[in-house]
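One structure is given below, encoded as structure tokens.
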Amino acid sequence: MVTDRNRRLHSLAFTIISLAGCFLSLHATSDSLFKGHEDSPMAAFAASHIRKAIEQAELTRPKVVRFAIDSTLAGEQAFVIDPWGSEIVVTGGDEAGLMYGGLELAEFIKLNKSVPQDRIADSPYLMRRGIKMNIPLDARTPSYDDSGTAAIRNTTHVWDIGFWHEYLDRMATYRYNTLTLWNPHPFPSMIRQEKYPDVALDDVFITTLTPVGIENEWGEPQLVSRNVLENLEQVKRMSIDEKIAHWKEVMRYAKDRGIDIYFITWNICPNSVAQPVPAFYRTYGVPIWDEPEGKYGVTHQINDPDTIAYMRDAVKTFLLTYPDLKGIGVTAGEHMPHHRSEYSGEEWLWNTYGLGILDAKKEQPDREVPFIHRFWNTDIDHILDYWNQYPDPFSFSMKYAKARLYSTPAPPFADNNIRRMKPHGLKSWWNLRNDDIFVHRWGDPDYVREFLTNFDMEATIGYHMGSDGYVWGRDFVSKDPKVNGSLEFDKHWYKFMLWGRLGYNPGLGKDFWMLQIKNRFPETDAAVLYEAWQSASRIIPEVNRYHWRDWDHMWSVEASTAHIGGFRDVFDFVTNPTLQGSGMLSPKDYVGAIRQMRSDLGTTPLDVAANLSQHADKAMKLVDNLRKEKVPSNLEHTLSDIESMCWLGRYYSNKILAAVEIAWFQQTGYAHHKEEAISLMEIALKCWERYADICNQRYYPQHLARTKTLDWDLLTGEVEKELQLVKTMEN
């Protein structure tokens with residue numbers, strides 16, 4: 001647990017001298033265990049964790065814990081823990097460092113059942129470690145695509161302060177310090193505008209429509225259709241003033257946990273203000289030119305002066321309403337007519353968001369508003385034509401691994417943009433899009449560590465991690481009532497802890513993570529569970545690299561489905577490209593290379609199939625060993641997720657081998673290749689049935705916003721059809 005990486009930390013002697021002055025300015029509280037933290041909500045939060053850890057460890061004579069701040073200590077978020085005689089001194093470079101130091105002390109006590117005897121010091125590797133939430137505020141002001149079960153079921157919870165207390169506490173504990181909330185047009189649900197009083201929305205509504213998985217069935221992504229507004233159900237009564245008070249409390253609570261909140265929008269999407277789009281309207285790249293005016297003359301048109309005036313005032317009012325809002329981000333979205341108007345998207349963004357922020361700063365001249373400009377449907381030089389005059393911190397946000405966070409720890413997609421940013425001295429947030437794993441508990445520390453340390457630090461501000469097709473709020477698909485309704489942070493504790501803690505300190509090694517597992521599951525062999533979990537967690541990234549599909553709607557690896565085209569059967573695997581730069585060959589290319597007698601084969605489909613089998617076999621053997629003793633339900637949930645990932649890996653392994661045989665059959669016509677493909681797909685079906693059976697025992701079906709319904713019984717029917725297609729294929 002001693003993690004002094006000697007980065008920017010002063011000597012112990014200098015720290016002692018500095019602390020002497022700090023102690024004089026901090027007052028002891030009435031709690032005799034803690035001294036010097038009464039004015040710091042962050043230190044008080046850490047103190048509550050320390051007390052709980054002491055109670056759980058049953059330490060009968062704990063030392064006094066003294067909190068102090070030394071601003072010369074290695075910068076923001078840094079801390080030092082010094083055991084001094086009868087006291088333990090926790091020193092932070094700032095309040096966040098004070099909190100992290102206290103949390104570190106609590107964790108040491110919890111994991112080791114004792115207080116530290118040696119100095120512990122640390123400072124952040126990545127300064128900004130964030131969560132991305134597409135927030136479903138209301139059916140009238142939805143996020144990117146709220147047709148998924150997770151969004152629908154979580155709408156009421158984002159208006160529950162108890163949810164946010166839990167959520168933000170968990171974020172801070174895992175060392176996240178940024179929360180980006182994404183919504184195309186949050187303003188009607190969150191502010192009252194003096195110039196536009198009829199825009200504000202009371203109460204909270206969802207739609208009674210049942211999604212069936214048709215692209216843009218609700219006017220999605222990003223927009224609201226008429227059929228949604230004609231089928232609303234009220235789920236919470238709240239006046240706009242109560243909503244404003246709610247979000248003020250959320251933002252204040254986040255600040256007290258060292259967490260910055262940003263709102264990031266798509267454009268142009270004046271939902272609930274402009275006229276709704278028609279149902280089934282395909283909006284991607286198609287400007288809406290001729291719709292009637294909405295409230296106050298607002299439309300979706302980029303050059304409409306009433307729309308520009310409304311948006312500028314909304315941005316100003318938003319900032320003035322929420323003094324604890326850290327910053328704002330924007331997307332030059334698909335609903336901007338980039339190619340059909342002399343009035344550009346960047347000009348519109350500057351005239352609305354840019355000038356709206358400057359209007360707010362005229363009333364609050366000391367306020368700094370960091371701005372995040374997503375790099376999407378635009379160009380760096382064009383952005384800078386307008387935003388080089390922005391007075392506060394300005395940065396980009398880019399999709400670092402496209403929609404495939406769980407694919408490769410070294411994605412190549414940001415390289416070109418990094419080269420283009422550096423001459424301007426600009427940096428980016430990396431948008432880590434997990435549109436891969438929604439159900440299974442995942443955990444591979446080595447993958448996360450390698451991923452994070454591969455960032456080009458010269459171009460990096462930090463990251464925000466989340467999904468476009470899923471809301472990581474509360475879980476509503478687990479059949480166990482002890483899990484259902486709990487935070488996704490709790491179900492997926494290991495995954496969220498990995499990204500947060502390794503973002504702060506990538507040096508946390510295997511021993512640390514085994515201690516975390518042992519603390520969570522004291523009745524099991526932590527070393528065995530660590531290896532089983534890691535091995536099974538390598539299956540989905542391997543499949544994603546091999547069957548590469550860029551974006552969220554193109555591929556669900558847990559279901560082998562896509563939004564358009566449906567189930568991805570074995571014939572899709574014959575020709576689908578692999579991840580660029582991976583060195584992997586598709587079955588078609590592999591067979592062609594063999595027939596050409598090429599020697600530079602790289603990673604073959606046979607290699608990939610073997611890797612998947614090895615990961616699955618290793619993990620299953622270890623799980624079987626762990627199950628020799630009776631295990632409690634919380635551990636069994638994890639073991640079952642590991643087991644189902646193993647069967648999924650075996651399914652894909654046999655499917656890839658069958659795709660190779662199909663490629664041989666297609667190129668040679670030899671019947672024995674067809675027979676072998678049938679045999680392999682019969683094995684694949686049995687593997688899928690085991691996978692589906694384990695999942696059905698524990699999870700309800702759910703609709704995934706971007707890739708249709710995840711229902712293992714229905715998908716088993718697709719795998720059976722897949723086998724029949726192989727049996728009836730002709731050369």
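On average, how much accessible surface per residue is there in the chain, in Å², for a 1.4 Å probe, leaving out ligands, DNA and RNA?
On the way: 26520 Å² over 731 residues.
Ligands and nucleic acids excluded, the figure is 36 Å² per residue.
Out of residues 5 or more away from H335 or on other chains, whose amide H comes under 5 Å of its own, with H placed 1.01 Å from N in the peptide plane?
Residues meeting the amide H criterion: N267, I268.
Could you give me D for segment 593-711, from Stokes-Einstein at 20 °C and 1.002 mPa s, where the hydrodynamic radius is the Kirkwood radius over C-alpha pairs? Units µm² s⁻¹, please. Working shown, then result.
On the way: Rh = 16.5 Å.
It comes out at roughly 130 µm²/s.
Could you work out [θ]222 nm for the chain from helices alone, using -39500 (n - 2.57) per DSSP H run of at least four and dividing by all its residues? Round to the nearest 500 deg cm²/dmol. Intermediate results must be reported in sequence, preceding the final value.
Values: 24 runs with 307 residues, N = 731.
Result for the chain: -13500 deg cm²/dmol, rounded to the nearest 500.
L710's amide H: which non-local residues (gap 5+, or another chain) put their own amide H closer than 5 Å, with H modeled 1.01 Å from N in plane and none for Pro or chain starts?
Residues meeting the criterion, in which the H sits 1.01 Å from N, are Q702, H703, L704.
Setting aside same-chain residues fewer than 8 positions from K674, which aspartates and glutamates have a Cα under 14 Å from its Cα?
Result set, ordered by chain and number: E661, E682, E722, E730.
Within segment 581-620, which trypsin sites (Lys or Arg not before Pro) sit in a loop by DSSP and count at most 16 neighbouring Cβ atoms inside 10 Å? Provide the component values of the computation, followed by the final result.
Details: sites: K588, R595, R598, K618; in loops: R598.
In loop regions of segment 581-620 (DSSP not H, G, I, E or B), the sparsely surrounded trypsin sites (Lys or Arg not before Pro) are R598.
Please list, in order along segment 705-722, the HN-Hα scalar couplings obtained from phi with the Karplus expression 6.51 cos²θ - 1.76 cosθ + 1.60 (θ = phi - 60°), rounded to whole Hz, x for Gly and Pro.
Once rounded to whole Hz, the list reads 4, 9, 9, 6, 7, 9, 10, 5, 5, 5, 5, 4, x, 5, 5, 5, 4, 4.
Please give the charge dipole size of the chain, origin at the Cα centre, charges +1 on K and R Cβ atoms and -1 on D and E Cβ atoms. Round to the nearest 20 debye. Write down the numbers at each step before the final one.
Values: 80 positive and 99 negative charges, 306 e Å.
About 1480 debye.
Return the Rg/Rh ratio of segment 348-474 with Cα-based radii and a Kirkwood Rh. List each step's numbers first, then the result.
Numbers: Rg = 16.8 Å, Rh = 16.4 Å.
Expressed as Rg/Rh, it is 1.02.
When only C-alpha pairs under 8 Å and at least 6 residues apart count, what is the relative contact order of the chain, in percent?
Numbers: 1439 pairs, mean separation 78.6, N = 731.
About 11 percent, as a whole number.
Under the rule of at least 5 residues apart or a separate chain, name every residue whose amide H is placed under 5 Å from the amide H of Y699.
K479
Summarise the accessible area of the chain (1.4 Å probe, protein heavy atoms) by the percent that is carbon and sulfur. Spell out each step's value before the answer.
Details: 13090 of 26520 Å².
Whole-percent figure for carbon plus sulfur exposure: 49.
Work through the residues other than S395 whose Cβ is under 11 Å from its Cβ and net out their charges, Lys, Arg +1 and Asp, Glu -1. Spell out each step's value before the answer.
Working: positive: R128, R374, K427; negative: D392.
Value of the local net charge: +2.
Could you go through segment 537-550 in sequence order and give the Karplus-derived ³J(HN,Hα) for each residue, using 6.51 cos²θ - 1.76 cosθ + 1.60 with θ = phi - 60°, rounded to whole Hz, and x for Gly and Pro?
Once rounded to whole Hz, the list reads 6, 8, 6, 5, x, 5, 5, 4, 5, 7, 9, 7, 9, 4.
Only sites in a loop by DSSP and with at most 16 other Cβ atoms within 10 Å count here; which trypsin sites (Lys or Arg not before Pro) in segment 111-150 make the cut? Don't jump to the answer; show the numbers that get you there.
Values: sites: K113, R119, R128, R129, K132, R140; in loops: K113, R119, R140.
Sparse-neighbourhood loop trypsin sites (Lys or Arg not before Pro): K113, R119.
Could you pull out every one of the aspartates and glutamates with an alpha carbon less than 14 Å from that of K132, ignoring same-chain neighbours closer than 8 positions?
In chain and number order, the partners are D260, D435, D468, E488.
If exposed means no more than 12 neighbouring beta carbons inside 10 Å and the site is in a DSSP loop, what's the longest run of the chain without any exposed GluC sites (Glu not before Pro)?
On the way: sites that count: E58, E194, E230, E342, E368, E523, E629, E730.
The reported range is 369-522.
Looking at the chain, what % of its DSSP beta bridges pair antiparallel, to the nearest 5?
Working: 25 of 73 bridges.
Percentage antiparallel, nearest 5: 35.
Working from the alpha-carbon coordinates of segment 525-576, get Rg over Rh, Rh being the Kirkwood radius. Show your work: numbers first, answer last.
Working: Rg = 14.1 Å, Rh = 12.5 Å.
The Rg/Rh ratio comes out at 1.13.
A 32 angstrom limit on the alpha carbon distance is what I want to check against. Which of K195/K248; K491/K618; K255/K295 exceed it? Write down the numbers at each step before the final one.
Numbers: K195/K248 21 Å; K491/K618 24 Å; K255/K295 35 Å.
Cα-Cα > 32 Å for K255/K295; rest within.
For segment 300-407, which trypsin sites (Lys or Arg not before Pro) pass both filters: DSSP loop (anything but H, G, I, E, B) and at most 16 other C-beta atoms within 10 Å?
R340, R367
Using θ = phi - 60° and the Karplus curve 6.51 cos²θ - 1.76 cosθ + 1.60, what whole-Hz ³J(HN,Hα) does each residue of segment 612-626 get, with Gly and Pro shown as x?
For segment 612-626, the Karplus curve yields 4, 5, 5, 4, 5, 5, 4, 5, 5, 4, 5, 5, 4, 5, 5 Hz.
The values are calculated or read from the model by the stated rules, or taken from the named source; none is laboratory data. Owing to the predicted nature of the structure, the values given are computational and were not obtained by experimental measurement. When we count neighbours, we look across all protein chains shown, and the Cβ atoms used for this are built from the backbone with ideal geometry, even at glycine. Surface accessibility is based on the protein's heavy atoms, side chains included, excluding ligands, DNA and RNA. Shrake-Rupley method; radii C 1.70, N 1.55, O 1.52, S 1.80 Å.
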